[in-house]
Amino acid sequence: MTAIGWLQIGILFALVLVCVKPLGGYMARVFQGERTPLTIVLGPIERGFYRLAGVDPAKEQGWFAYTVAMIVFNAAGFLLLYLILRLQGFFPLNPQGFSAVAPDLAFNTAISFVTNTNWQAYGGETTMSHFAQMTGLTVQNFLSAATGIALAIAFVRAFARSGAAYVGNFWVDMTRATLYVLLPFSVIVALAFVASGLPQTLLASVDVKTLEGAAQTIAIGPVASQEAIKQLGTNGGGFFNVNSAHPFENPNAISNLISIWAMLAISASLPYTFGKMAGDTRQGWALLLAMLVILVAGVGIAYWAEAGGNPAFAAFGIDPSSGNLEGKEVRFGVVMSALYAAVTTGLSCGAVNAMHDSFTPLAGMIPLIMIKLGEVLPGGVGSGLYGMLIFAILAVFIAGLMVGRTPEYLGKKIEAREMKLAMFAVLILPLCILGFSAAAANLPFALESLANNGPHGLSEILYAYSSATGNNGSAFAGLSANTKWYNTTLGISMLLGRFAYIVPMMAIAGSLAAKKRSPASAGTFPTHTPLFVGLLIGVILIVGGLQFFPALALGPIVEHLLMLAGKTF
């Protein structure tokens, strides 16, 4: 590891932290219905949408009605996207002449983009028409991200309000998230990407001659616009098969920096939005600090492991000072590849600029751990915040048991109902990840999709179901997932990881909103102090991660020990 490498990491996190307060404060004003600099332009458009849809923005919903509206909206989005993929051969803007997507792949892809997972068991440039990319995938990039933000804001209101029967209006929250947050920032980031060299065109390809004089056809398309919302919405679905390792998705160091910043910006700012709306910004900073401590630790371990490389290579006369460059783009190198991998999995963003399958075992374990911890570091836009608040509820309950105080969070008593619902939500991840992984590891037709056996093959299976259930979408590679088994089971994992988590979370929101907010007393456990941050980190690591340790021990940890011994399985 080098000082320059750490400087690059430091600059990136500094750029993110600089935008937390202004962006977080801006989002708080948006969702509280206050006037913003964009209101004069977007206000009439927002009101026009409500009139067309027959929505009364002043009429709020209880948690159940809010959740039903969200599910119905996403079900309609799934059906529409599925039909677009199945019928893409009949739509315009198909210069490649692509035919219909297979039913099981269309099912998997539609669920993937509706749940903000963006897992891709296909190559974008060889499977999807421009019409499908723009009107299907990119639209869902906006709507799935807006859904996550809306749900987070509804959960925030549960803490901010006292004795309330309502948590907001889903249609209003989703509209504002799209119109005031995602759309304007996507335009800015897309223009920055175009300036960095990303193509934005309706052409299908260009014919060029290589330096050797050979003819080559290179796929292009409306890349920059999809790339912008892919990163800002923590979606991660790439226009091209190799995602952000492709020079047309991520051509240089500047585009790489913008990509990582865009992934983090909204998710890292939402905790401040929470603190602002709850009336105590210290609460938001405490959550953000807990997120960043674990994320920075993950970045450091991945960087250390990749910089050390594989000691077996030294026996072949390979200079070990460059670290492990297998599966990486030299324009990014070890440090920015390790940083990207930790960030994209600390978030629920499936974008990759290097192949995680080629990382050293411990470095490859970091993305696995980041996802398994619940995608809260800082997690997807919206989903990371409400996931972290679930852990905060668990933390204050555990603290109350340890010190004999009544568990409270922001003046709301945490009782048996909230704890049961919180544990139900948290247990969704191990149920799907370990359950489906165990089945795949024992079924011969599922094992046929593996490119590797032994502990590395197990890591490939674990990563696929972790990525799907955690709504991350990145792939370990080495697993041929476009089969009926994986398309179906990964699709089910995505659905459960998204909606089986959301329903109990919203039930908690409804329960907390109805409770009176009590003022702090001498017996109140403070939740903005370093002590609480440490407790919260401990709960995330123990409750979120310890249940997966046996599986990690059989996968990347065993593989690391074999690597040190110079052996293979």
Neighbourhood charge, 14 Å Cβ-Cβ cut-off, centred on Leu23 and excluding it, Lys, Arg +1 and Asp, Glu -1: +3
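Go ahead and estimate [θ] at 222 nm for the chain from helices alone: -39,500 (n - 2.57) per DSSP H run with n ≥ 4, summed, over the residue count, rounded to 500. The partial results should precede the final answer.
Values: 23 runs with 340 residues, N = 569.
The helix contribution divided over the chain gives -19500 deg cm²/dmol.
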Radius 14 Å from Cβ of Gly555, net charge of other residues (Lys, Arg +1; Asp, Glu -1): -2
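Of Ile398, Ile542, how do they rank once you tally other Cβ atoms within 10 Å and put the fewest first? Mind showing how you got there, number by number?
Values: Ile398 18, Ile542 12.
Going from least to most buried by this count: Ile542, Ile398.
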Spacing of the two label points (7 Å from each Cα toward its C-beta) at Leu541 and Ala565, in nm: 2.8
Which labelled figure in (i) 35, 29, 23; (ii) 48, 35, 22; (iii) 37, 33, 24 is semi-axes √(5λ) of the Cα gyration tensor in Å, once derived from the coordinates: (i)
FRET efficiency for Arg35 and Leu427, using Cβ-Cβ distance with R0 set to 56 Å, rounded to 0.05: 0.85
Loop GluC sites (Glu not before Pro), the range 371-431, which have at most 16 other Cβ atoms in a 10 Å radius of their Cβ (DSSP): Glu415
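What FRET efficiency comes out for the pair Asn453/Thr210, r = Cβ-Cβ distance, R0 = 41 Å, nearest 0.05? Mind dumping the intermediate values first?
Numbers: r = 37 Å, r/R0 = 0.91.
Using R0 = 41 Å, I get an efficiency of 0.65.
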Cβ-Cβ FRET estimate between Leu52 and Ile254, R0 fixed at 56 Å, reported to 0.05: 0.90
Cut-off 11 Å between beta-carbons: net charge of the residues surrounding Cys349, Lys and Arg +1, Asp and Glu -1: 0
Average Cα contact separation per residue, the chain, under 8 Å, 6 or more apart, as relative contact order %: 19
Ranked Phe548, Phe159, Phe131, criterion: other C-beta atoms within 10 Å, fewest first: Phe131, Phe548, Phe159
Relative exposure of Tyr501, Tyr26, judged by other C-beta atoms within 10 Å (fewest first): Tyr26, Tyr501
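Computed from the coordinates by the stated procedures, all read-outs in this text should not be read as laboratory data. What you are looking at is a predicted structure, and each value in this text was computed from that prediction instead of being measured. Virtual Cβ from ideal backbone geometry, glycine too; neighbours counted across all protein chains shown.
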